[in-house]
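Asker: Sharing a structure below in structure tokens format, with a few things to ask.
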Amino acid sequence: MHIVVCIKQVPDSAQIRVHPVTNTIMRQGVPTIINPYDLFALEAALALRDQHGGEVTVLTMGPPSAADSLRKALTFGADRAVLLTDRFFAGADTLATSYALATAIRQIGETFGAPDVVFTGKQTIDGDTAQVGPGIAKRLNLLQLTYVAKISGIDLTGRTITAERRSEGGVQILQTRLPCLVTMLEGTNEIRRGGMADALRAARAEIVTWSAKDAGVEDISKCGLRGSPTIVKRVFAPSARAEKAVLVDFSERAPADALIADLFKRQPKLEDELSTLARGY
Amino acid sequence: MSEPTKAPAASGGSRASTKKELPEHFKSYKHVWVFIEQERGQVHPVSWELMGAGRKLADKLKVELAAVVIGPEGEATQHAATEAFCYGADLAYVVADPLLTDYRNEAYTKALTDVVNTYQPEILLLGATTLGRDLAGSVATTLLTGLTADCTELDVDADGSLAATRPTFGGSLLCTIYTLNFRPQMATVRPRVMPMPDRVEKIAGRIITHPLGMIEDDIVTKVLSFLPDRDSNKSNLAYADVVVAGGLGLGSPENFQLVRQLASVIGAEFGCSRPLVQKGWVSSDRQIGQTGKTIRPKLYIAAGISGAIQHRVGVEGADLIVAINTDKNAPIFDFAHMGIVTDAIRLLPALTEAFRARLSPHSRDRIAS
Ligand SMILES: Cc1cc2nc3c(=O)[nH]c(=O)nc-3n(C[C@H](O)[C@H](O)[C@H](O)COP(=O)(O)OP(=O)(O)OC[C@H]3O[C@@H](n4cnc5c(N)ncnc54)[C@H](O)[C@@H]3O)c2cc1C
């Protein structure tokens, strides 16, 4: 089977700093990583390949340096990497991103064989929207399974997939037809380390690099900033509340019960409410 | 590439133009809609929270507020529609069909896309739940319109555009996003971000029903079964009245027990900042913040939490925020109401004991007598 996994290279969020004066993100020197949510998708794809045979293609859209993340994915065991890079893609919102990725997936299908499953992570740590996966599915007319906790079975002859999908109040066991798009839930597996052979192969592998034109984009105006219906008009730091917190003392002279008395003075109804709650336990 | 389903053709001009040049065919798009989410006969409270936010937008725009109820035929869906009037709806659109009993993307996407194309709202709000995000992404892509996810603030501008504010990328920043030249302007909001409006008893007003127009064979995805969560597995963090949370400042998973002990004495739910989930100290359903739960308790006690923006947006709706932090310059003191600059590892057990003494029925009797 052929599986495509969409990944995104993101700045390591733990290391991001915001410029105190200009309110811009200081990206310089911030290391990049594969969006951690995508690793669950990648591992799920690799496991399916191991079980059913076939190939895993990883795809990313980003600057040329995003090749690093693709190479990393190859060391985990992916078979092929495709980098979609073009200045026309810059500034894309979720709608424009899903257009570019869907177009590239179609091209991957024509070049390397039609995918049976397309995977994405649940969301990214920088954008956090969880909208690109469903967007790709819609554009490719694929069925979608989001928030998947487990793929229970794939029947390549009958062309069906069964999966457990997390919903608000429980788990749906869904069956649908291949090809489909799956967004994988976090914490559902653990990315493998990849062997020596994978590392060697990854180091030498050629990364398929496509411009918008190579990927078959027909309408540049649907890409990047131009293809994005949303516009970021204002970026700003949150304002502090008018008054800052009242700082109260905790010491021998002001022990915890004095603090609590202070608290109940501020919020007179709180004591009754807490007593009721405390009794419930 | 073939464009999915019928979307209004984008009329010339650059999409990213930051000027408002609303194409002619979008000018008839009016009114504010809220998608009413139900699962197994239960309306998700986020839908009523959105009705509160939607009411304000509609009043500002001087337009109507409509609830869109999609679900199986029968009492639950009817009831959801009539309830919507008690939460401020001027009218309700209902798509009721047995095929909509379980949430399935294909059928719900068709139902919502069809009503949007037929009745043309200018703003469409959905809850950022697993269902809402699954649906919003498909509907926005079908309609080729803008969607702003996980908003923390919604407002309308002088020119009537929706200003959707959300935390942005990696830092202590917020951004305001517009969908100037496409309709509807779509946004999702997470549960508890908006306050729950008061329910006011009202009789149902105008209800407009719309057919789904599908048969079971049209829907490829089948629900083989549904395993509801057992209540004991589910934390009630988002809707708790009192929450105690700990952050990295606690230093170790053992010290996190101090948070749990205080929580249990005052009948609170416990929560944490994201790094504790990432370290595996606390399970992910306890995370508070932008990528965890949003809370609106009467009392929130945060111990050893710095107050990063992603945490702040999850707790700002609390009535009273008490922060315990060794650093008097910690950002959390910018939005907490009461701050205690001290070592949480010392204060937490002392608070637990003092609350225990004060709240025990025994001591209450004594005080009363
Ligand atoms: C996309 C994205 C999404 C995110 N989503 C979330 C989210 O949903 N929720 C979330 O919480 N974070 C989230 N974060 C992370 C967020 O940016 C912060 O890194 C995180 O909230 C910090 O956690 P913390 O306050 O526990 O740790 P720190 O920032 O390390 O703060 C520890 C605090 O403890 C204090 N301290 C130290 N010792 C003591 C002591 N003995 N007693 C009392 N105080 C002490 C320190 O002064 C410090 O203020 C997100 C980040 C990104 C990039």
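Asker: Among the candidates B:Thr294, B:Thr342, B:Thr326, single out the residue that is touching a Pro at 6+ places or on another chain (Cβ under 7 Å) and not assigned by TED's automatic domain parsing to the domain that holds B:Pro191.
Answerer: Result of the check over B:Thr294, B:Thr342, B:Thr326: B:Thr294.
Asker: If I filter segment B:248-261 down to residues being within 11 Å of the ligand (Cβ to nearest atom) and within 14 Å of chain A (Cβ to nearest Cβ), which single residue comes out as surrounded by the fewest Cβ atoms within 10 Å (Cβ to Cβ)?
Answerer: Looking at the filtered set, the residue picked out is B:Leu248.
Asker: Which condition number does A:Thr230 fail, the rest of (1) in contact with an Asp or Glu (Cβ under 6 Å, 6 or more places away or on another chain); (2) within 9 Å of chain B (Cβ to nearest Cβ); (3) surrounded by fewer than 18 Cβ atoms within 10 Å (Cβ to Cβ) being met?
Answerer: Here A:Thr230 clears every test but (3).
Asker: On to the next question. With A:Gly170, A:Gly158 as the choices, which residue is closer than 28 Å to B:Val282 by Cα and within 14 Å of chain B (Cβ to nearest Cβ)?
Answerer: Testing whether each residue is closer than 28 Å to B:Val282 by Cα and within 14 Å of chain B (Cβ to nearest Cβ) leaves just A:Gly170.
Conditions (1) free of Cβ contacts under 8 Å to residues at least 12 places away in the same chain; (2) under 13 Å from B:Phe256 (Cα atoms); (3) within 9 Å of the ligand (Cβ to nearest atom), marked per residue:
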site: B:Phe270; (1), (2), (3): no, yes, no
site: B:Ser273; (1), (2), (3): no, yes, yes
site: B:Ser283; (1), (2), (3): yes, yes, no
site: B:Thr291; (1), (2), (3): no, no, yes
site: B:Ala303; (1), (2), (3): no, yes, yes
site: B:Glu316; (1), (2), (3): no, no, no
site: B:Ile321; (1), (2), (3): no, no, no
site: B:Ala330; (1), (2), (3): no, no, yes
site: B:Phe335; (1), (2), (3): no, no, no
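Asker: Restricting attention to segment B:130-141, does a residue exist that is within 16 Å of the ligand (Cβ to nearest atom) and touching a residue at least 12 places away in the same chain (Cβ under 8 Å)?
Answerer: Yes, because at least one residue in segment B:130-141 is within 16 Å of the ligand (Cβ to nearest atom) and touching a residue at least 12 places away in the same chain (Cβ under 8 Å).
Asker: Let me confirm something: among A:Gly62, A:Gly53, A:Gly91, which residue is of a type outside the set (S, T, N, Q), surrounded by fewer than 21 Cβ atoms within 10 Å (Cβ to Cβ), under 19 Å from A:Ala215 (Cα atoms) and modelled with pLDDT of 95 or more?
Answerer: So the residue among A:Gly62, A:Gly53, A:Gly91 that is of a type outside the set (S, T, N, Q), surrounded by fewer than 21 Cβ atoms within 10 Å (Cβ to Cβ), under 19 Å from A:Ala215 (Cα atoms) and modelled with pLDDT of 95 or more is A:Gly62.
Asker: All but one of (1) more than 12 Å from chain A (Cβ to nearest Cβ); (2) within 16 Å of the ligand (Cβ to nearest atom) hold for B:Lys202; state the number of the condition that does not hold.
Answerer: (2)
Asker: Against the conditions (1) acidic (Asp, Glu); (2) crowded, with 22+ Cβ neighbours inside 10 Å; (3) modelled with pLDDT under 95, where does B:Asp134 fall short? Just the number, please.
Answerer: Condition not satisfied by B:Asp134: (3).
Asker: Being more than 14 Å from chain A (Cβ to nearest Cβ), within 15 Å of B:Pro184 (Cβ to Cβ) and acidic (Asp, Glu) narrows it down to one of B:Glu75, B:Glu64, so name that one.
Answerer: B:Glu64
Asker: So, in segment B:262-285, of the ones that are polar (S, T, N, Q) and assigned to a loop (DSSP other than H, G, I, E, B), which residue ends up farthest from B:Arg358 (Cα to Cα)?
Answerer: Ranking the candidates gives B:Ser283 first.
Okay, residues lined up against (1) part of a loop (DSSP other than H, G, I, E, B); (2) farther than 30 Å from A:Ala92 by Cβ:
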residue	(1), (2)
B:Leu22	yes, no
B:His25	no, no
B:Ser47	no, yes
B:Leu50	no, no
B:Ala53	no, no
B:Lys56	no, yes
B:Lys60	no, yes
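Asker: Which numbered condition in (1) touching a helix residue (DSSP H, G or I) at 6+ places or on another chain (Cβ under 8 Å); (2) more than 10 Å from chain B (Cβ to nearest Cβ); (3) assigned to a loop (DSSP other than H, G, I, E, B) is the only one that A:Phe250 fails?
Answerer: Condition not satisfied by A:Phe250: (2).
Asker: Of the residues B:Val193, B:Val243, B:Val277, only one is assigned by TED's automatic domain parsing to the domain that holds B:Glu37, under 26 Å from the mean Cα position of the chain (by Cα), among the β-branched types (Val, Ile, Thr) and within 16 Å of the ligand (Cβ to nearest atom); which?
Answerer: B:Val193
Asker: Being more than 26 Å from B:Lys110 (Cα to Cα) and either at the interface with chain B (Cβ under 7 Å from one of its Cβ atoms) or not basic (Lys, Arg) (or both) is the filter here; which residues of segment A:116-150 pass it?
Answerer: Answer for segment A:116-150, where residues must be more than 26 Å from B:Lys110 (Cα to Cα) and either at the interface with chain B (Cβ under 7 Å from one of its Cβ atoms) or not basic (Lys, Arg) (or both): A:Thr124, A:Ile125, A:Asp126, A:Gly127.
Asker: Looking at segment A:104-126, can you tell me whether even one residue there is more than 21 Å from A:Ala78 (Cα to Cα) and either small (Gly, Ala, Ser) or outside any loop (DSSP other than H, G, I, E, B) (or both)?
Answerer: Checking segment A:104-126: not a single residue is more than 21 Å from A:Ala78 (Cα to Cα) and either small (Gly, Ala, Ser) or outside any loop (DSSP other than H, G, I, E, B) (or both).
Asker: If you don't mind, another one. Quickly run through segment A:196-218 and pick out the residues that are at pLDDT 95 or above and either in a loop (DSSP other than H, G, I, E, B) or at the interface with chain B (Cβ under 9 Å from one of its Cβ atoms) (or both).
Answerer: A:Ala205, A:Glu206, A:Ile207, A:Ser211, A:Ala212, A:Lys213, A:Asp214, A:Ala215, A:Gly216, A:Val217
The values are calculated or read from the model by the stated rules, or taken from the named source; none is laboratory data. Here the structure is a predicted model, which means the values were calculated and not measured. So basically every Cβ, Gly included, is an ideal-geometry build from the backbone, and we count neighbours across all protein chains shown.
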